[in-house]
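Every read-out reported here was derived from the displayed coordinates using simple, explicitly stated rules and does not represent laboratory data. Computed from a predicted model, the values in this text were never measured in an experiment. Cβ atoms come from the backbone with ideal geometry, glycine included; neighbour counts cover every protein chain shown.
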Amino acid sequence: MNSLQNRRYAILGLILFIVLTFAIRLFTLQITNDEWVERATSLTESELIIQPSRGEIYDRKGKILVANTPIYDIRVVPERIKNLDTLRLIELLEIDKEALDKVLDRASERREMFNPHTVAKHVDQADYFKISEELSDFPGFFAVRRTLRNYPDSAAALVLGNFGEIDRKELNADSGSFYQLGDYVGKGGLEKSYEALLRGLKGKQTIYVNNFNKTVGKANSSENHDPISGNDLITTLDADLQAFGEKLMVNKRGSIIAIEPSTGEILTLVSAPTYDPNDLVGRKRGDSFKKLSGDTLNPLFNRALNGLYRPGSIFKMVQSLIALEAGIITPQTRIRCNRGIIGCHGPHSNDDLENAIKHSCNPYFRQVMRRMVHQDKFDNEFDDLKYGVQWWHERMTKFGLHTKFTSDVPNVKRGTVPDTSFYNRWYPKATWTYSMIYSVSIGEGELLVNPLQMANLATIIANKGWYITPHLLKEVKNGPELPIDFTEKKTVGVSPQHFDVVRNAMERVINEPGGTAGRANLSHLGITVCGKTGTVQNKPPVADHSVFMCFAPKDDPKIAIAVYVENAGYGGTWAAPISALMIEKYLTGEVTNDWAVERILEADFRDIYGQ
């Protein structure tokens, strides 16, 4: 009896020991061991990143230039994949097996296992609604809602830029850790310049998911927050004028830039040829980009900002103003047109300054520059020339030449205004003289400018000596004020009275017999245009560039323009009438000269470009 009772106690003791052991272990796992608590949480909770709506972009009148369309990207976190039914997934997402394998292979690296990877891009709303329920059957796969850009006017592609998936280089440069693989960023133009304003702030929501990766509820967390939409931008562009300018430049290479002189606001920034920005959106982006990149006319190159050209005769305006301010010439200064040294054209022989500008007299401005760079500051002729060239260069830079604007216009080329060190490098084995460099006096030679700088020069003359940095941003809705560079006047160091003779001459270029730009005359509309033609020389058989710079109306300037048409010949033949049409369109809202429009539209220079 005692033996049986002892055995019973032993069994009960053993059972009690086992129960107590399990109880202690369970308490340890559930209460005191954070590792298992965290692992349990990771199986039931997931952090959902909510993409914000990107800010939209408008023109100066409130017309939308860049809008949003909701789309979805399907992503996968490889570490969460379980029992993947590959064939069913391919059929559901309508993707290639090779594409899926490529993503999964890339994601198989240990450091990539916990990162999200995109397996299907740009799924529209209708298609997403069809697949959303079934997607929950695939652990590790989820959808991210985002916005895709669309362009109602199909215009201003190179100004607005484009919007695409972030690459490794951009991701590595993200010091704020805002982005992750699969996110989208601005790739150029305003989209890139104002990325920080347009992108908004991501939201975060902690959710509960079941074993099938299906969301079953939201978790309360102090880190949860809603996304904040990006700021809308109001640009300085006039959408109608931009579209009209692009139309006029079809089948041509070149640019049209128009600026409002009183504000520095860019009204149009046309680069030709261009493309439809909608072609670089969505699933067709890759094929379209490849096609555009292979186009020999290079529509992806922004000629308005990155094209560098010799300015030709429009540069004579700056020469005149610097020489007047220095007292080197006066409006009455006459210089004989000696065509034995440098060529000229037209029936004139001994012009004063106004007539020299009107007739675009090359010998006159050759001599003006000679007087500027040989001021008898040194006894040695060569030292005197080197001093003079440096003096001339420094005054040129005040006009925005040989400089990059601190603007929101991206990637503007600086251009070249030669200085003394430039010519020392250019002629390393020779003592250079004025006879070796005088071609810059008429806007040729080693001088290079971009079209934006020339439009800004027209602005300076319109304003009689000042400008505001050319820019594209007019207002940030619910955002910061404009930078001071977009509101602050910059003076060029020439007294306002010296501009009168230049402005009068530019009026005569267009409105008097013998001027070189009669096709820009708008006096029949009560508009006085002041301008200057340029014919930028190229080595035969390559045709010269057609160039024109102007502003209007003379007494109250509202628009300043520079037009370049590559290899089109005389400035007065093509660039001047294009400018006139743009001015009429902007100031009156319509164009009445149908014949002039038709003439420009029919002009096709593709044969010259080898197309």
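The amide H of I559, built 1.01 Å from its N in the peptide plane, has A552 as neighbours under 5 Å, considering only residues 5 or more places off or on other chains. Each principal axis of the Cα cloud of the range 315-411 was evaluated for its coordinate range; sorted largest first, these ranges are 45, 38, 23 Å. Pairs from the list K97/K130; K490/K558; K121/K187; K489/K585; K490/K554 with a Cα-Cα gap above 24 Å: K489/K585. Residues in the range 71-86 carry Karplus couplings, in order, of 9, 10, 10, 9, 10, 9, 9, x, 4, 9, 5, 9, 6, 5, 8, 4 Hz; the curve used is 6.51 cos²θ - 1.76 cosθ + 1.60 with θ = phi - 60°, and Gly or Pro positions show x. With N the number of residues in the chain, Rg(Cα) / (2.2 N^0.38 Å) evaluates to 1.35.
Straight Cα distances below 20 angstrom link K386 to the aspartates and glutamates D376, E394, D419, E444, E446, with same-chain residues fewer than 8 positions distant left out. Rounded to whole numbers, the Karplus 3J(HN,Hα) couplings from phi for the range 558-564 are 10, 8, 10, 9, 10, 10, 10 Hz, using 6.51 cos²θ - 1.76 cosθ + 1.60 with θ = phi - 60°, and x at Gly and Pro. The packing ranking of peptides 576-588, 166-178, highest mean first, is 576-588, 166-178, where packing means the average number of other beta carbon atoms within 10 angstrom of each residue. With a cut-off of 11 Å between beta carbons, the residues surrounding I335 carry a summed charge of +3, where Lys and Arg count +1 and Asp and Glu -1.
Descending by average beta-carbon neighbour count within 10 Å, the peptides 269-279, 423-433 line up as 269-279, 423-433, the highest first.
Count Lys and Arg as plus one, Asp and Glu as minus one, and take only other residues whose Cβ is under 11 Å from that of I90; the net charge is then -4.
Find out how many positive minus negative residues lie around L448, taking Lys and Arg as positive, Asp and Glu as negative, among other residues whose Cβ is under 13 Å from that of L448.
Surrounding charge for L448 is +1.
Dipole size of the chain about its Cα centre, with +1 on Lys/Arg Cβ and -1 on Asp/Glu Cβ: approximately 880 debye, rounded to the nearest 20.
Partner aspartates and glutamates whose Cα lies under 19 Å from the Cα of K474, excluding those fewer than 8 positions away in the same chain, are identified as E56, D59, E191, E195, D232, D238, D240, E260, E265, D408, D485, E488.
The 3J(HN,Hα) values that the Karplus relation (6.51, -1.76, 1.60; θ = phi - 60°) gives for the range 177-187 are, in residue order, 6, 7, 9, 9, 3, x, 6, 10, 9, x, 10 Hz. Gly and Pro appear as x.
Restriction of the GluC sites (Glu not before Pro) in the range 221-266 to DSSP coil positions whose beta-carbon has at most 11 other beta-carbons within 10 angstrom yields E223. Once the Cα atoms are used to define both axes, helix 575-588 deviates from the longest principal axis of the chain by about 70 degrees.
For the range 46-234, the spread of Cα positions along the three principal axes, ordered from largest to smallest, is 55, 41, 34 Å. Per-residue packing, averaged as other Cβ atoms within 10 Å, sorts the ranges 283-291, 361-369 into the order 361-369, 283-291, beginning with the highest.
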